[in-house]
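The values are calculated or read from the model by the stated rules, or taken from the named source; none is laboratory data. These numbers come from a predicted model, not from an experiment. Every residue, glycine among them, receives a Cβ derived from its backbone with ideal geometry; neighbour counts consider all protein chains shown.
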Amino acid sequence: HAQGESAAVASKFIAISIPANVPLAVGMTFSGVLRAVGDARRAMYVTLSAGIATAFLDPLLIFGLGLGVYGAAWATVLSRLILLAVGWFGAVGVHDLVARPRLKVARSDFGPIMAIGFPAIMANMAAPVSSAYTLRVFSDFGEPAIAASAVIDRLTPVAFGVVFALTASVGPIIGQNYGAKLMGRVQRTLTDSFILCIGYVLFAWAVLALAEPALVAAFEAKGESAQYIAFYCRYGVAAWIFLACLFVANVSFNNLGFPILSMVFNWARATLGTIPFVTIGARYGGVQGGMLGFAIGAAVFGLIAAATAYVVTWRLAKGIEGSVRVDLRPAPAGRGAKTP
């Protein structure tokens, strides 16, 4: 529904920021490579560096240099270049893990990679659909709602970058312990991840609620935009408790051999957990109601995904336990064992 000046500003913002998806993709690939060799610390630095850079560059470019919305776009570009540089340093400079690509090797690896990668790609495509629909609903409430959504989008990677880093770094731990058939450790890692992520979200929620007046002033929000931002900081952040649970569950699915479950839960949350809840919430409660609807939908599917993750680990543990019992049985005479 953007028209006139708003449409022109949005178009220029997209033109500046979209090309930065290339360094983002390469940088996140480096992060995945670092996690694969167990360097969770440097893998975490890749995403954290972008969040820290955004926190520094946004106020500098938007307010310090007076670039406004375009400053936010250039902050996105620069933060993703920094993300790429940090990932390159870890994967290439420290571990020397990156080789020159070869077509023959790429062809042979394509099938096994896509067996896991395709469901993961489809799962990651769900979040933009959810965000786009939510913004579409909020756009019916005018430019103040769109402006508030833009501010919230700037706050999210800074406030919850730690959640992204934690969920990304826990994957190798789950995978390595599953490979060693140590399902007790897998279940413990799952529980600890839920506790850490929920604890951090509660901490970030408290910080945002306390800092809400300063944030509204920093972004020079007025009137309804200020009210929407304040409501998000006080109440809307609750959605992230359950989104964090969904992220942890998805990581466990991907590393335990069930990437389809990750795709199913992400799309269920993005459609069944977003469209009816946001639509009904916005109809009866405006933008604030839509935010609460978004949080309720996230709660439903986040909790179901978390419960499913425990069911999956329990069934895998029972299967491993059964196979161990079979392996420990004495071999029958004449079949793998000699009798005196």
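When segment 76-134 is examined, which residues are found to be among the basic types (K, R) and within 30 Å of P59 (Cβ to Cβ)? Once the filter is applied, which keeps residues that are among the basic types (K, R) and within 30 Å of P59 (Cβ to Cβ), segment 76-134 yields only R80. Among the conditions (1) under 25 Å from A132 (Cα atoms); (2) surrounded by 15 or more Cβ atoms within 10 Å (Cβ to Cβ), the only one that V46 does not satisfy is (1).
Restricting attention to segment 233-263, which residues are of a type in the set (F, W, Y) and surrounded by 21 or more Cβ atoms within 10 Å (Cβ to Cβ)? Within segment 233-263, W240, F242, F247, F253 meet the criteria.
Could you pull out the residue among G87, G117 that is at pLDDT below 85 and either assigned to a helix (DSSP H, G or I) or in contact with a helix residue (DSSP H, G or I) (Cβ under 6 Å, 6 or more places away or on another chain) (or both)? Reasoning before the result, please.
Values: G87 fails: at pLDDT below 85.
One residue alone meets the criteria, G117.
Against the list (1) under 23 Å from the mean Cα position of the chain (by Cα); (2) buried (at least 19 other Cβ atoms within 10 Å of the Cβ), the condition S225 fails is (1). Among the candidates I173, I146, the residue that is within 15 Å of A40 (Cβ to Cβ), in contact (Cβ under 8 Å) with a residue 12 or more places away in the chain and part of a helix (DSSP H, G or I) is uniquely I173.
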